[in-house]
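Beneath this line is the structure, given in structure tokens, with notes to follow.
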Amino acid sequence: PIGEPVLEVKNLSYGHLVRDISFTLHAGEILGIAGLVGSGRTETALTIFGITPATSGEILLDGKKVTITSPGQARDLGIAYVPEDRGQQGLVRPQTIRENLSLAILGRIAKGGFVDGGREKSLARDLFSRFGVRARGIEQRVRQLSGGNQQKVVLAKWVAIDARVLIMDEPTRGIDVGAKAEIHALMSRLAGQGLAILMISSELPEVLGMSDRVLVMSGGRIVARFDRGEADPNVVGAAMTGSGNGEPAGAAA
């Protein structure tokens, strides 16, 4: 079931890359963002997460206006971001699974500037099991894992912060079909637990199959909005390429 609004974005802009973006994301919802390369999808995520802070507009969490000027602020507010390039931006590949899983919450498991090894291992074992990571154990190097298992580690790392909002940019790019199904199942499970998920994908079947609602971006703007029942490959594809006209289903919803 879809819950109350968690994240509201109003007239958000970042230079000419993100222009006047407005939408609402609810608890338990997967909101898909579709668009061609250069449409502004990833730039919107980076702005919400504070990597490229907004130049105008508002971000609200639970109805309260917040200012996000850094990823650290976004994390502390309960916003998590799984980037498109997991190898370069989502993981420290030479480190172990254990070390990667604790990266986002080191402040919680450290005492006097030193990581509590016992708490770190306990956390890592729990996440390793919950997310079904296939590896020899938590001490295996992340670079030795398959793409799908690396993505599970990135996802688990961010869920560890007790996130309210999860932004996923190309969640299944570069992984095999079986691993894609596992990632999709994990996303559905997290949404079922009340997590609000903003999913960016260039794969139309993924957008249509996973999303409760779909936004289409072009030129840094939202050009169409579709409820799940309205979103089919023809109308969404036409909106992405500019050859169709998608009217909002519920205006600024």
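The values are calculated or read from the model by the stated rules, or taken from the named source; none is laboratory data. As the structure is a computational prediction, the values presented were derived from the model and not from experiment. Positions of Cβ are generated from backbone atoms using ideal geometry, with glycine treated the same way; all protein chains shown enter the neighbour counts. Each accessible area value is taken on the protein alone, full model and side chains, heavy atoms only, with ligands, DNA and RNA left out. Shrake-Rupley method; radii C 1.70, N 1.55, O 1.52, S 1.80 Å.
Some points to look at:
- So Gly28, is it at pLDDT 95 or above and in a loop (DSSP other than H, G, I, E, B): yes
- Test: residue in segment 37-54 that is closer than 19 Å to Pro171 by Cα, of a type in the set (Asp, Glu) and open to solvent by 10 Å² or more (accessible area, probe 1.4 Å): yes
- Boolean, Asp20 is without any contact (Cβ under 8 Å) to a residue 40 or more places away in the chain, surrounded by fewer than 21 Cβ atoms within 10 Å (Cβ to Cβ) and among the charged types (D, E, K, R): no
- Residues that are under 14 Å from the mean Cα position of the chain (by Cα) and free of Cβ contacts under 8 Å to residues at least 12 places away in the same chain were ranked within segment 49-108; the one that is farthest from Gly147 (Cα to Cα) is Gln89.
- The sole residue among Ile183, Ile175 that is buried (at least 19 other Cβ atoms within 10 Å of the Cβ), free of Cβ contacts under 8 Å to residues at least 60 places away in the same chain and more than 23 Å from Arg75 (Cβ to Cβ) is Ile175.
- Subset of segment 61-86 that is in contact with a helix residue (DSSP H, G or I) (Cβ under 7 Å, 6 or more places away or on another chain) and open to solvent by 20 Å² or more (accessible area, probe 1.4 Å) - its residue that is modelled with the highest pLDDT: Arg75
- Verdict on Glu139 being of a type in the set (Asp, Glu), over 30 Å from Leu60 (Cβ atoms) and at pLDDT 95 or above: yes
- All positions within segment 186-237 that are within 17 Å of Gly40 (Cα to Cα), without any contact (Cβ under 8 Å) to a residue 40 or more places away in the chain and not in a strand (DSSP E or B): Glu203, Gly237
- Across segment 205-239, the number of residues qualifying as within 21 Å of Arg173 (Cβ to Cβ) and acidic (Asp, Glu) comes to 1.
- Number of positions in segment 110-136 that are under 21 Å from the mean Cα position of the chain (by Cα) and part of a loop (DSSP other than H, G, I, E, B): 3
- Filtered residue count, segment 122-158, keeping only those that are under 26 Å from Ala191 (Cα atoms), surrounded by fewer than 24 Cβ atoms within 10 Å (Cβ to Cβ) and among the polar types (S, T, N, Q): 4
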